[in-house]
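As structure tokens, the structure follows; a few thoughts come after it.
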Amino acid sequence: MDRLAAMQTFVRVVESGSFSAVAREIRSTQSAVSKQVAALERELGAKLLSRTTRSLALTEAGERYFSQARRLVAEIAEAEMALQDGEQKLSGWLRVAASVGYGRLKLLPLVRSFLAAHPNVKIDLRLNDGFVDLVEEGIDVAVRIGELADSSLVARRIGTTQRVLLASRQYLNALPQGLEPPQVPQDLQAHNCIVYSELTSQNAWTFTAGPGANQPEGTEVTIRAQGNLQTNSSEVIRASVLSGMGIGYSPTWLFEEELARGELQVLLPDWPAPPLPIHLVSPPQRRSAAKVQAFALHVVSDL
């Protein structure tokens, strides 16, 4: 059995969702395509696809194998094209990961312009606010916000994001009698704070005294934010702050338009939060790929 040919066939079957479609594509028969995938399953000793008369579905083993197989098939195609053309042309799939909010608001416009500039590239954009294992998921490049844990990933710092404490006017106008908007970080203990649980610091909110603070400039104060809602979703943070449910502690880009229109009020302006670094990270084996380098350059130049 030609393992590479079988792997390529398996990837195309999953992508198209049909044995017959692949058979037409490679000018073969549906039976031959099915036998090739079955031979791959026997070679691997694992069932990759669940077949019915109407549909195909990946098994758990198939999902793991497909992620790696598609990456390998794309890399081989890229290498072959480079040899044929004498240069690394950009083509095939590029798997990009980011958090949901950043991906939707900041990264998607860059993806759109990158695809327009490189029509032979396809991007698989994976948005997830939780931890993503880049190697396990076959990710080529990811945007990570915050301090990076020590790892084998190759990182390139591309900027920082400023965080602010903010609330809607609806929340502030509905405060109980006798409760004022916070004037110092400690005042937050009396307010309903919406906690983003995906940060390593979770509900530990840190502020640094600025020139107008009531403490010496540079003094750091950390409080334990408390409230009736915590979430692992940046989109839920955004929606709950905008609907007046509580006070948020978030990157400015998550509320850029609302802040510009004055729909939200920045609290404790004399106590800014420390900025967070933004990195592009890649597995070591993908850092030199032409598509990864081109995408990184595009992101850096347009930020």
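What follows draws every value from the coordinates through simple rules; no lab data is involved. Bear in mind that the values here come from a model prediction, so they are computed numbers and not experimental data. Counting neighbours? That spans all protein chains shown, and the Cβs are built from the backbone with ideal geometry, glycine included.
Label reach from Ser301 (point 7 Å along Cα→C-beta): in segment 116-138, amide nitrogens under 15 Å belong to 116-119.
Note on the chain: GNM, Cα springs under 10 Å; of Lys106, Lys122, Lys35, the largest mean-square fluctuation is that of Lys35.
DSSP beta bridges in the chain, what fraction antiparallel, as a percent rounded to 5? Rounded to the nearest five, the antiparallel share is 70 percent. Its residue count N fixes a reference of 2.2 N^0.38 Å for the chain, and the Cα radius of gyration divided by that reference is 1.27.
Working from the Cα coordinates of segment 236-303, the gyration tensor eigenvalues give, after taking √(5λ), semi-axes of 34, 13, 13 Å in decreasing order. Remark on Val154: its backbone amide H falls under 5 Å from those of Ser282, a criterion applied only to residues 5 or more positions apart or on other chains, H modelled at 1.01 Å from N. Fully extending the segment from Asn173 to Leu259, taken as 0.36 nm per residue of separation minus the present Cα-Cα distance, adds 29.2 nm. Entry note: segment 3-83 has Rg to Rh equal to 0.96, where both radii use alpha-carbon atoms and Rh is the Kirkwood radius. Between Glu180 and Thr231, the distance separating the two model label sites (each 7 Å from Cα on the Cα→Cβ line) works out to 3.1 nm. Between Gln189 and Ser243, the modelled labels are 3.0 nm apart [label points 7 Å from Cα along Cα→Cβ]. Structure remark: mean-square fluctuation, Gaussian network model of the chain, C-alpha springs under 10 Å; the largest value among Ala174, Ala225, Ala38 belongs to Ala174.
Taking 30 Å as R0, compute the FRET efficiency from the Cβ-Cβ separation of Leu58 and Arg112 and round it to 0.05. Mind dumping the intermediate values first?
Working: r = 29 Å, r/R0 = 0.96.
With a Förster radius of 30 Å, E is 0.55.
Summed over all non-identical Cα pairs, the Kirkwood treatment of segment 163-274 gives a radius of 14.1 Å. Couplings 3J(HN,Hα) for segment 90-95, derived from phi with the Karplus relation 6.51 cos²θ - 1.76 cosθ + 1.60 (θ = phi - 60°), are 8, 7, x, 7, 10, 9 Hz, where x marks Gly and Pro. Summing +1 for each Lys or Arg and -1 for each Asp or Glu among the other residues whose beta-carbon sits under 14 angstrom from that of Val221 gives -3.
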